[in-house]
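S.K.: The following block contains the structure, expressed as structure tokens.
The values are calculated or read from the model by the stated rules, or taken from the named source; none is laboratory data. Note that the structure is a prediction, hence the values are computed from the model and not measured. Here the Cβ positions follow ideal geometry from the backbone for every residue, glycine too, while neighbour counts run over all protein chains shown.
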Amino acid sequence: MNMKVNVYHKPIINYYFYNVYLCIINITDNFKRMIKSYNYMSVYDVAILGGGPAGISAGIYAARFKLNTVIISESLGGTVETAHLIENYPGFESISGFELAQKFKGHLENFEVPNIKKNADSVIKEDDTFTVKLKDQDVKAKYILIATGTKRRKLDVQGESELYGKGVSYCVTCDAFFYKDKTVAVIGGSDAANMAAILLSTIAKKVYVIYRKEKLRGELVWIERVIKNPKIEVLYKSAVVEIKGKNFVDGVKLDTGNEISVDGVFVEIGSIPECCFAKDIGVKTDEKGYIQVDQSQKTNIDKVYAAGDVTSGSNGFQQILTAASEGIIAIKSIFDDMEIRR
Ligand SMILES: Cc1cc2nc3c(=O)[nH]c(=O)nc-3n(C[C@H](O)[C@H](O)[C@H](O)COP(=O)(O)OP(=O)(O)OC[C@H]3O[C@@H](n4cnc5c(N)ncnc54)[C@H](O)[C@@H]3O)c2cc1C
């Protein structure tokens with residue numbers, strides 16, 4: 001279309017564009033102000049990363065200290081959920097890990113601490129605040145408490161990843177049920193392995209515990225129960241070098257040269273700290289990757305604290321009680337630090 005603009009129309013058009021221009025500037029300014037105030041409002045005092053015993057206990061105390069807190073964790077409950085039986089938590093002579101985790105969650109709910117059900121991908125430090133990057137969201141906080149626990153260590157042998165979910169498992173409480181009257185192997189020799197073997201012995205026909213050392217380690221109560229159990233056979237000084245099976249596990253090959261037939265393999269060889277993003281902001285870890293903290297649970301980075309299994313604290317004793325204690329010490333320290341700076 002060929003539009004002819006009359007010379008008399010020019011001032012009207014200029015005036016029109018000028019008004020549109022002013023309107024855009026106005027909207028942009030208002031928008032910027034809105035974003036700024038939104039950002040200001042949404043800067044939490046503390047972002048707790050992790051929803052296990054450390055994170056949940058920290059959340060409860062943070063609410064009682066009236067700190068504006070958010071818990072960022074895909075799930076609440078933590079590793080406790082996978083423990084078959086907890087018999088060392090005061091107040092509960094014997095309780096399943098799953099049930100105890102439900103009680104933790106229920107207790108936290110009384111305090112209405114918001115929980116963003118996503119895991120943190122990374123943390124960025126900007127001036128006085130931290131930005132926690134989630135999949136499709138950013139969360140800002142003045143203090144960070146890392147309570148991300150640990151993840152299961154893998155055996156790293158042939159067949160392990162290929163047969164994962166087809167007879168290879170890292171969670172006895174989740175999968176024991178599938179092995180009624182079958183033969184299974186538990187790899188490992190510490191508390192988690194001992195407890196796994198005991199649980200499996202109530203379901204399976206036969207349980208091998210395959211351990212590379214000469215003696216089982218951990219709580220003597222569990223060791224005694226393993227040794228006295230007629231369904232459990234411990235193979236000492238043996239390491240699995242291959243998990244065998246075509247579509248499903250049918251055996252394991254040991255470094256002794258022996259092969260044993262089993263229907264399932266439960267890997268219980270410990271855990272490694274879940275704190276890769278902590279290193280991005282310069283948080284110091286020990287040689288095994290656990291976050292180093294002082295007595296107040298503070299890391300080497302100002303306003304970054306850590307608690308629970310992810311730290312090298314509590315003399316390396318990774319338990320529900322120690323994780324919870326570290327969580328609440330961290331919150332008290334954050335509260336004190338905020339008071340001093342006020
Ligand atoms: C089989 C087994 C049996 C056990 N039995 C006992 C027992 O009888 N008694 C006892 O005291 N202890 C027991 N423990 C140890 C106990 O479970 C742990 O010490 C405790 O759960 C540690 O708590 P935590 O909060 O530090 O970490 P965890 O419980 O591991 O929780 C970590 C949390 O962080 C979240 N998370 C991970 N990555 C991210 C991320 N990137 N962003 C945000 N969140 C993240 C996880 O989803 C989880 O919610 C057992 C452990 C196992 C494996």
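S.K.: Can you find even one residue in the range 98-106 that is touching a strand residue (DSSP E or B) at 6+ places or on another chain (Cβ under 7 Å) and modelled with pLDDT of 95 or more?
M.R.: Checked the range 98-106: at least one residue is touching a strand residue (DSSP E or B) at 6+ places or on another chain (Cβ under 7 Å) and modelled with pLDDT of 95 or more.
S.K.: Shifting gears a bit: For the condition crowded, with 19+ Cβ neighbours inside 10 Å and not small (Gly, Ala, Ser), what is the one hit in 265, 221?
M.R.: Testing whether each residue is crowded, with 19+ Cβ neighbours inside 10 Å and not small (Gly, Ala, Ser) leaves just 265.
S.K.: Any residue at all in the range 240-248 that is among the β-branched types (Val, Ile, Thr) and closer than 30 Å to residue 91 by Cα?
M.R.: no
S.K.: Sticking with this one: Identify, by number, the condition in (1) in the same structural domain as residue 71 (by TED's automatic domain parsing); (2) modelled with pLDDT of 95 or more; (3) more than 21 Å from residue 56 (Cα to Cα) that residue 162 doesn't meet.
M.R.: Of everything listed in (1) in the same structural domain as residue 71 (by TED's automatic domain parsing); (2) modelled with pLDDT of 95 or more; (3) more than 21 Å from residue 56 (Cα to Cα), residue 162 misses just condition (1).
S.K.: Of the numbered conditions (1) farther than 20 Å from residue 336 by Cβ; (2) in contact (Cβ under 8 Å) with a residue 40 or more places away in the chain, residue 54 fails exactly one; give the number of that condition.
M.R.: If we test residue 54 against (1) farther than 20 Å from residue 336 by Cβ; (2) in contact (Cβ under 8 Å) with a residue 40 or more places away in the chain, just (1) comes out false.
S.K.: Please specify each residue of the range 243-253 satisfying the condition of being of a type in the set (A, V, I, L, M, F, W, C) and either touching a Ser or Thr at 6+ places or on another chain (Cβ under 6 Å) or outside any strand (DSSP E or B) (or both).
M.R.: Of everything in the range 243-253, just one residue is of a type in the set (A, V, I, L, M, F, W, C) and either touching a Ser or Thr at 6+ places or on another chain (Cβ under 6 Å) or outside any strand (DSSP E or B) (or both), namely 248.
S.K.: Quick check on this structure: which one of 119, 110 is in contact (Cβ under 8 Å) with a residue 40 or more places away in the chain and either surrounded by fewer than 16 Cβ atoms within 10 Å (Cβ to Cβ) or of a type outside the set (Gly, Ala, Ser) (or both)? Explain how you work it out, then say what you get.
M.R.: On the way: 110 fails: in contact (Cβ under 8 Å) with a residue 40 or more places away in the chain.
Selected residue: 119, the only one of 119, 110 that is in contact (Cβ under 8 Å) with a residue 40 or more places away in the chain and either surrounded by fewer than 16 Cβ atoms within 10 Å (Cβ to Cβ) or of a type outside the set (Gly, Ala, Ser) (or both).
S.K.: Now for a different question. Can you pull out the residues in the range 76-91 that are part of a helix (DSSP H, G or I), within 21 Å of residue 200 (Cβ to Cβ) and within 6 Å of the ligand (Cβ to nearest atom)?
M.R.: Scanning the range 76-91 gives 79, 80, 82.
S.K.: Continuing with the same structure: How many residues are out of contact with any strand residue (DSSP E or B) (no Cβ under 6 Å at 6 or more places or on another chain) and outside any loop (DSSP other than H, G, I, E, B) when one looks only at the range 196-211?
M.R.: So the count comes out to 2.
S.K.: Taking the condition in contact (Cβ under 8 Å) with a residue 12 or more places away in the chain, within 15 Å of the ligand (Cβ to nearest atom), in contact with a Cys (Cβ under 8 Å, 6 or more places away or on another chain) and not in a strand (DSSP E or B), does residue 226 pass?
M.R.: Taking the combined requirement at face value, the residue does not satisfy it.
Residues are listed down the side, and each one gets a yes or a no for (1) modelled with pLDDT of 95 or more; (2) of a type in the set (Asp, Glu):
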{"site": "266", "(1), (2)": "yes, no"}
{"site": "271", "(1), (2)": "no, no"}
{"site": "274", "(1), (2)": "no, yes"}
{"site": "277", "(1), (2)": "no, no"}
{"site": "289", "(1), (2)": "no, no"}
{"site": "300", "(1), (2)": "yes, no"}
{"site": "306", "(1), (2)": "yes, no"}
{"site": "314", "(1), (2)": "no, no"}
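S.K.: When you check residue 238 against the structure, is it outside the structural domain of residue 308 (by TED's automatic domain parsing) and closer than 18 Å to residue 216 by Cβ, yes or no?
M.R.: When the stated conditions are applied, residue 238 passes them.
S.K.: Could you name every one of the strands (runs of 3 or more DSSP E) located completely within the range 254-334 that has at least 2 residues being touching a residue at least 24 places away in the same chain (Cβ under 8 Å), under 30 Å from residue 236 (Cβ atoms) and within 15 Å of the ligand (Cβ to nearest atom)?
M.R.: Passing ranges, in order: 264-267, 271-273.
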